[in-house]
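Below: one structure, written as structure tokens.
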Amino acid sequence: MSRLAYVNGRFLRHAEAGVSIEDRGYQLGDGIYEVWAVFDGKLADPKGHFARLERSLGELQIDMPMSRAALTVALRETVRRNKVRYGIVYLQVTRGVARRDHAFPTVPTAPTVVITARSGDSAAAQAKAAKGVSVITLPDNRWGRCDIKTINLLPNVLAKQAAREEGAFEAWLVDADGLVTEGASSNAWIVDADGVLRTRDIGANILRGVTRLTLIEVAKSAGYTIDERAFTVAEAKAAREAFLTGAGALVMPIVRIDDAPVANGHPGQVASALRAAYIQRAKQTSI
Ligand code: PDD
């Protein structure tokens with residue numbers, strides 16, 4: 001089966017799909033994206049992702065290219081045509097095509113909309129979660145608007161590459177005060193010595209993870225105490241458990257931070273239980 005990509009209202013063969021070389025996303029990184037997890041061919045956490053999409057676009061003064069309802073149809077159709085049951089669907093919206101100039105185009109420009117979908121291997125993901133992953137820590141050298149989900153990801157790209165080169169799954173980024181902000185493509189969590197779930201507050205310069213938000217609700221209803229409060233790398237290394245959240249990895253236990261094992265070096269019970277609870281909830285609420 002050949003993969004198909006949605007590009008400005010048309011489905012094209014994925015391998016041949018493209019946009020103009022004068023697309024502002026390509027030339028200037030002038031655009032945003034969203035990623036939904038897909039369960040049983042449906043979009044997980046729809047409300048949270050649409051709300052963040054609208055917010056990101058608003059911050060860049062790009063209009064929503066179509067209504068939520070129309071976008072949902074396009075996203076689901078991309079998932080369906082690519083026969084994705086479990087995986088992700090990716091949406092990118094840029095300011096569109098214009099003669100290269102840093103400032104916004106002065107003539108009205110239609111946003112460029114691209115949607116792609118990719119199958120994942122749920123058994124492999126589950127096996128990875130059963131084993132746990134490792135993270136390295138690096139200075140957070142990103143800009144001051146990490147709350148916007150922009151396609152400008154160079155610091156994240158370099159951090160992730162550094163992690164790969166060290167055999168790690170993720171890089172945790174650490175601010176000037178020694179506090180973990182988030183991962184290169186995920187939010188960071190620990191279960192501290194008191195059994196409290198800790199994750200950075202959204203007042204900090206981080207992406208407001210949708211998985212993070214849903215997991216806060218899931219964990220609260222399961223009776224856990226949540227404290228949206230920063231933690232240091234030393235606190236994370238001494239934590240009972242550590243894990244990360246994101247639309248790709250869902251909830252993923254961390255068993256090593258830099259050179260130190262987390263607790264006994266095996267995935268913790270809380271992270272494993274929350275992964276299962278998150279997946280159950282996401283399946284129930286996906287559209
Ligand atoms: N990344 N922080 C960063 C920097 C991210 O890029 C992501 C998601 C998250 C988690 O957000 P959410 O739970 O809404 O997926 C946090 C996506 C998956 C990506 O770039 O592919």
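Within the range 132-143, residues that are within 7 Å of residue 168 (Cβ to Cβ) sit with their Cβ atoms under 9 Å from residues that are in a strand (DSSP E or B) and of a type in the set (D, E, K, R), at 6+ positions apart or across chains, in these pairs: 134/170; 134/256; 135/170; 135/256; 136/170. The residue pairs whose first member lies in the range 241-257 and is under 14 Å from residue 125 (Cα atoms) and of a type in the set (S, T, N, Q), whose second member is more than 12 Å from the ligand (Cβ to nearest atom) and at pLDDT 95 or above, and whose beta carbons are closer than 9 Å, counting only pairs six or more residues apart or on different chains, are 245/274. Here residue 279 meets each of (1) touching a residue at least 60 places away in the same chain (Cβ under 8 Å); (2) assigned to a loop (DSSP other than H, G, I, E, B); (3) of a type outside the set (Phe, Trp, Tyr) with one exception, condition (2).
Filtered by the rule that a residue be part of a loop (DSSP other than H, G, I, E, B) and of a type in the set (Phe, Trp, Tyr), the range 144-190 gives a lone residue, 169. Suppose we keep only residues that are small (Gly, Ala, Ser) and touching a residue at least 12 places away in the same chain (Cβ under 8 Å) within the range 205-233. Which one would you say is farthest from residue 88 (Cα to Cα)? That would be 230.
Within the bounds of the range 176-188, is there any residue that is more than 10 Å from the ligand (Cβ to nearest atom), of a type outside the set (A, V, I, L, M, F, W, C) and either out of contact with any helix residue (DSSP H, G or I) (no Cβ under 9 Å at 6 or more places or on another chain) or closer than 19 Å to residue 202 by Cα (or both)? Looking through the range 176-188, at least one residue is more than 10 Å from the ligand (Cβ to nearest atom), of a type outside the set (A, V, I, L, M, F, W, C) and either out of contact with any helix residue (DSSP H, G or I) (no Cβ under 9 Å at 6 or more places or on another chain) or closer than 19 Å to residue 202 by Cα (or both).
Residue-wise test of (1) under 16 Å from residue 128 (Cβ atoms); (2) at pLDDT 95 or above; (3) in contact with a Gly (Cβ under 9 Å, 6 or more places away or on another chain).
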position	(1), (2), (3)
215	no, yes, yes
226	no, yes, no
237	no, yes, no
244	yes, yes, yes
247	yes, yes, yes
257	no, yes, no
269	no, yes, no
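Looking across 256, 198, 212, 229, one residue alone is basic (Lys, Arg) and part of a loop (DSSP other than H, G, I, E, B). It is 229. Taking the range 34-142 and the strands (runs of 3 or more DSSP E) fully enclosed by it, the elements with 2 or more residues that are over 30 Å from residue 233 (Cβ atoms) and within 15 Å of the ligand (Cβ to nearest atom) are at 87-94, 112-119.
The condition of being touching a strand residue (DSSP E or B) at 6+ places or on another chain (Cβ under 6 Å) and either of a type in the set (Asp, Glu) or farther than 16 Å from residue 233 by Cβ (or both) does not hold for residue 181.
The values are calculated or read from the model by the stated rules, or taken from the named source; none is laboratory data. Note that the structure is a prediction, hence the values are computed from the model and not measured. Here Cβ is always computed from backbone atoms with ideal geometry, including for glycine, and neighbour counts include all displayed protein chains.
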